[in-house]
Amino acid sequence: MSGVTIRRNTFRGNSGSAWQNYTNGGCPTKSRNFLVENNVLIDNAVGFYVIHLDDSVIRNNTIVQLSYAKPQKDSIEMLVFSASQNNLIANNLFYTTTNPAVADLWVMHSWNSYADRQTFRNNAWFVSGEARWLWTGALVKGTFLNTYAKVTGDSGAVLGQVVSPTVDAVQFQNLYGGDYH
């Protein structure tokens, strides 16, 4: 597929991915030139699951994880990449109140060496200070908040620590009422 636009949707409570692109590795071509923008992804097991997607833009999306999507009870992944390259991930807001001491929070998970072939710009991440992540298939040493900008090159990143599920670190209009402005 090529030239697909996914805009202004709400994806809520999926036990799998909120939005997923998967092209079989045996396929002679990958998906390319997607525009994924202005979507809201709420309480899904995985926010974005991107496999075999090239030359695309993922921007201005809001990903909020306040609880685990059923039947999922022990893991949340907000952004997963594999075998994808030359994508722009910009101006997205990632927010979770989950505590990785209780469950498995993989904030960003990249399976292989293509992770460094993405461009990350001006993304905002509000996560627990203990959040873990993978980059090129390996667990990054140090916390997500202390390593994200350096590893990804996202010098315009906004990074904030969520210290309590009852304190809105972003100051949304109504975090628990679903107004994420």
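Restricting the range 44-72 to residues that are of a type in the set (S, T, Y) and at pLDDT 85 or above, the residue that is nearest to I89 (Cα to Cα) is S56. Is it the case, given these coordinates, that I63 is open to solvent by 10 Å² or more (accessible area, probe 1.4 Å) and part of a strand (DSSP E or B)? Against the criterion (open to solvent by 10 Å² or more (accessible area, probe 1.4 Å) and part of a strand (DSSP E or B)), I63 does not qualify. Taking the numbered list (1) assigned to a loop (DSSP other than H, G, I, E, B); (2) open to solvent by less than 60 Å² (accessible area, probe 1.4 Å); (3) not hydroxyl-bearing (S, T, Y) in turn, G26 passes all entries but (2).
Condition check ((1) open to solvent by 30 Å² or more (accessible area, probe 1.4 Å); (2) out of contact with any Lys or Arg (no Cβ under 9 Å at 6 or more places or on another chain); (3) of a type in the set (S, T, Y)) across all residues:
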| position | (1), (2), (3) |
| --- | --- |
| R117 | yes, yes, no |
| R132 | yes, yes, no |
| V140 | no, no, no |
| V162 | no, yes, no |
| P165 | yes, yes, no |
| Q171 | yes, yes, no |
| Y180 | yes, yes, yes |
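If you scan the range 12-23, which residues turn out to be farther than 11 Å from H52 by Cα and open to solvent by 50 Å² or more (accessible area, probe 1.4 Å)? Across the range 12-23, the qualifying residues are R12, N14, S15. Of all residues in the range 142-160, none satisfies the criterion of being open to solvent by 20 Å² or more (accessible area, probe 1.4 Å) and among the acidic types (D, E).
The values are calculated or read from the model by the stated rules, or taken from the named source; none is laboratory data. None of these values were measured; they are calculated from a predicted model. Cβ atoms come from the backbone with ideal geometry, glycine included; neighbour counts cover every protein chain shown. Quick note on the areas: whole protein, heavy atoms, side chains included, nothing else; ligands and nucleic acids left out. Shrake-Rupley method; radii C 1.70, N 1.55, O 1.52, S 1.80 Å.
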